1. Place a +1 charge on the Cβ of each Lys and Arg in segment 23-85 and a -1 charge on the Cβ of each Asp and Glu, then give the dipole magnitude about the Cα centre in debye, rounded to the nearest 20.
2. Could you give the Stokes-Einstein D for segment 8-85 in µm² per second, using the C-alpha Kirkwood radius, 37 °C, 0.692 mPa s?
3. Using θ = phi - 60° and the Karplus form 6.51 cos²θ - 1.76 cosθ + 1.60, what ³J(HN,Hα) does each residue of segment 50-64 get, whole Hz, x for Gly and Pro?
Amino acid sequence: MSTSRIPAIATPLTVTRPEDLGQLIRQTRKRQALTLETLAGLCGVSIRFLSELENGRASCGLGRVLLVLETLGIELSAQPTDIDT
């Protein structure tokens, strides 16, 4: 996919709920002046899917979520929490 992206702000975010990720996606989309319709077209997903994702619906498919993140220039990383066992 060849889209021109505005880099996301490089502030780490701890995501503990679907709503956290949805808020990041909405803020980044708006900062890049993209409408739901435009971003949906760039990602090849429906406007409804993006709306549900931004509103924290937990059942959104991970593959499509990752596609939206990539299109917006957001890198998702995960690391284990420090748990004493």
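Each reported figure results from applying straightforward, stated rules to the coordinates on display, with no laboratory input. Note that the coordinates shown come from a computational prediction; the quantities given were computed from them, not determined experimentally. Glycine gets a Cβ as well: all are built from the backbone with ideal geometry, and neighbour counts include every protein chain shown.
1. On the way: 7 positive and 7 negative charges, 78 e Å.
Roughly 380 debye for segment 23-85.
2. On the way: Rh = 13.0 Å.
In µm²/s, the coefficient is 252.
3. Values per residue, Gly and Pro as x: 4, 4, 5, 5, 5, 8, x, 5, 6, 8, 5, x, 4, x, 6 Hz.
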